[in-house]
Amino acid sequence: MSRTAMNPAKAALTKSLRREAGRWLKTAREAAGLTQAELAERTGLRYYTFVSQVENGLGRVPIEAQAVWAESLGLDPSQFARTLLRYYEPELHRLLFEGAADADAPAVAERAAQG
C-alpha cells in the first residue's frame with residue numbers, strides 16, 4: 001500500500017464530510033436565491049454540473065475559487081474559507097482554530113517572549 005493511500009475509516013469520514021460540505025453549500029446557494037447554473041455563471045464555471053458535483057460531495061471548491069464563490073453567495077470570504085476548511089481538512093481546522101481562543105493570544109505571545 002502506498003504512503004498516500006487512505007485507510008478505510010478515514011476515507012469514509014472524508015466522504016461524509018464532503019457530503020456535509022455539499023449540503024451546506026446547497027443551503028447557502030438556495031438562501032442566496034441562485035440556481036446551480038446561476039452560481040456557475042457568477043463563479044466563472046463553464047458547466048453548472050461542477051456545482052452539482054460539489055453539492056453532492058463529489059468535488060471540492062478549489063482554494064483559488066473560494067473568494068469568488070463566497071462573494072457570489074453573499075458570504076464573508078474568510079468565514080466561507082474557514083467553514084470549508086472544517087469540512088475539507090478537519091485536522092488542520094482544529095489545529096488552527098480550536099487550539100487557542102483569540103483572547104489567549106497575548107498570553108501566548110508573552111510566554112513565547114519569555115522563552
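No value in this document is a laboratory result; all are computed from the given coordinates. From a predicted model like this one, the values you see are computed outputs, not experimental measurements. A quick note on method: Cβ atoms are made from the backbone with ideal geometry, for glycine too, and the neighbour counts reach across all protein chains shown.
Kindly give Rg over Rh for the stretch 1-89, based on alpha-carbon atoms, with the Kirkwood expression for the hydrodynamic radius. Result: Rg/Rh = 1.01. The slack in the chain from Thr35 to Ala9, taken as 0.36 nm per residue of separation less the alpha-carbon distance, amounts to 6.0 nm. Please work out the C-alpha center-to-center distance from the stretch 27-58 to the stretch 4-26 and express it in whole Å. Using only Cα atoms to place each centre, the spacing works out to 19 Å.
Largest first, the three principal axis extents of the alpha carbons in the stretch 40-98 are 36, 23, 15 Å in whole numbers.
Could you rank the peptides 8-16, 82-90, 23-31 by their average count of other C-beta atoms within 10 Å per residue, with the highest value first?
Most protected by this proxy first, the peptides run 82-90, 23-31, 8-16.
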